[in-house]
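These notes concern the structure reproduced below.
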Amino acid sequence: MNFKIRAAKMEDCKDISRMIMELAVYEKMPDQVKISHEELQRDGFCQNPFFECLVAEVPEEHKSKQGFTVVGYALYFYTYSTWKGPTVYLEDLYVMPEFRGTTCGTMLSARTVLFAQVAKKKQCVRLQLSVLDWNTPSRDFYAAKGAQDLTVTEGWHFIRFDGQNLDNLANEAPKD
Amino acid sequence: MDFSIRAANVEDCKDIARMITELAEYEKMADHVKVNQRDLEQDGFSKNPFFHGIMAEVPEQHKTKEGHTKIGYALYFYSYSSWKGRAVYMEDLYVMPEFRGKGIGKALMSKVAQLGLAAGCNQLNFTVLDWNKSSLDFYLSQGCFDVTANMGYHCMRCEGEALEHLAQP
């Protein structure tokens, strides 16, 4: 199947938003999605974007059952390790089920690879991501690509402040 | 004890590098540190910085035995959640042992939260080692939650040869 991988444009945000929801449904947390294509447009295509995105596109003749030609995406941003320097965080990697396990699915993995190449060009020395513990297909996929599970091997846990707890914390900051 | 919290500047990189090593030693991973003062100057204080810093400083009369007045720091950058939008990630939070228990760590973390909210973020994220009970207890007491324990997310990493393999088209 012919497909191409390209940098996302602002016009892709509706498709990206659709696929973000599909991924959230797969991860059994669709009620957690609070942003829409509008936030993606604002935050990904401003002067100092919060993220970058690649999309996978198929030609018209291979469009999905519902008529979509944008069938996969990788959303990522640049981060920093005080031990190693610039790094890349892969926030989402998703290909629509009907296009998985085919060349497109494999090639998007290769696109992750290409994206890792971009990350290397930016002198990034690490690529990080997170995966749900029950998501065996994804865990196997990343393990096959050489990813280490730092939660298992080193004991790292993600910690978060949000909502009222984040507001409370911020309110206690010293006055300037 | 009097202390002040302020944005880091390029002259702080020597002290930040020193304290990064101290924190890595505490986390039993000192040999993992490859970043030095020069890297921090380039990566944090150029046109498109990879990170921002907050410093905690004490007056001269409270300086350490070695003469340091810069006794804590927080290092953070902006990130993104495809579900929630703008977020801030706190990469490091550290206060030198002799200055702990005085609210300095809390003040640093609160400042990062305040700056994050001002930038439109609705999450403050970071990681902690599961054996680091005193840090975990401190964070939990401030109202955060353990995403790994509660939701099952694991931190994954590709680097070195694995990253190079990934980069072969």
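The values are calculated or read from the model by the stated rules, or taken from the named source; none is laboratory data. Computed from a predicted structure; not experimentally measured. Please note: Cβ atoms are built from the backbone with ideal geometry, for glycine as well, and neighbour counts cover all protein chains shown. Side chains are part of the model used for accessible areas, which takes the heavy atoms of the whole protein and leaves out ligands, DNA and RNA. Shrake-Rupley method; radii C 1.70, N 1.55, O 1.52, S 1.80 Å.
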In degrees, nearest ten, helix A:103-121 long axis to first principal axis of chain A (Cα): 40
Test item: Cα-centred dipole of the protein assembly as shown, Lys/Arg +1 and Asp/Glu -1 on Cβ, debye: 400
Square roots of five times the Cα gyration tensor eigenvalues for the range B:4-126, Å: 24, 17, 14
Surrounding net charge for B:C121, when Lys and Arg each add one and Asp and Glu each subtract one, Cβ distance under 10 Å: +1
Chain A, helix-only ellipticity at 222 nm - DSSP H runs n ≥ 4, -39,500 (n - 2.57), divided by all residues, nearest 500: -10500 deg cm²/dmol
Where only C-alpha atoms are counted, convex hull volume of chain A per residue in Å³: 165
Kyte-Doolittle at least 1.6, axis length at least 15 Å by Cα - qualifying DSSP helices, chain B: none
Residue-averaged beta-carbon neighbours from other chains (10 angstrom radius) around B:113-123: 5
Percent carbon-and-sulfur accessible area, the protein assembly as shown, ignoring ligands, DNA and RNA, probe 1.4 Å: 50
Gain in span if fully extended, A:L132 to A:E60, counting 0.36 nm per residue against the direct Cα distance: 22.5 nm
Whole-Hz ³J(HN,Hα) from phi, Karplus 6.51 cos²θ - 1.76 cosθ + 1.60, for the range A:3-15, glycine and proline x: 8, 9, 10, 8, 5, 5, 10, 4, 5, 7, 4, 5, 5
Calculated log₁₀ intensity ratio I(q)/I(0) where the Debye formula runs over C-alpha points of the protein assembly as shown, q = 0.09, 0.11, 0.15, 0.16 Å⁻¹: -0.50, -0.74, -1.34, -1.51
Surface accessible to a 1.4 Å probe, B:W131 within the full protein complex, Å²: 100
Relative contact order (%) - criterion: Cα under 8 Å, at least six apart; region: chain A: 17
Residue order for A:H157, B:H165, B:H62 - accessible surface, 1.4 angstrom probe, largest first: B:H165, B:H62, A:H157
Packing-based order for A:61-67, A:138-144, using average beta carbon neighbours within 10 Å, highest first: A:138-144, A:61-67
The range A:123-143 versus the range B:85-153: alpha-carbon centroid distance in Å: 23
Average partner coverage of A:143-155, which counts Cβ from other chains inside 10 Å: 6
Number of partner chain Cβ atoms within 10 Å, mean per residue of A:128-141: 3
Accessible area of the range B:31-150 divided out per residue, in Å², using a probe of 1.4 angstrom: 43
3J(HN,Hα) from dihedral phi, the range A:157-172, Karplus parametrisation 6.51/-1.76/1.60, rounded to Hz, x for glycine, proline: 10, 7, 10, 9, 10, 8, x, 4, 4, 5, 4, 4, 4, 5, 5, 8
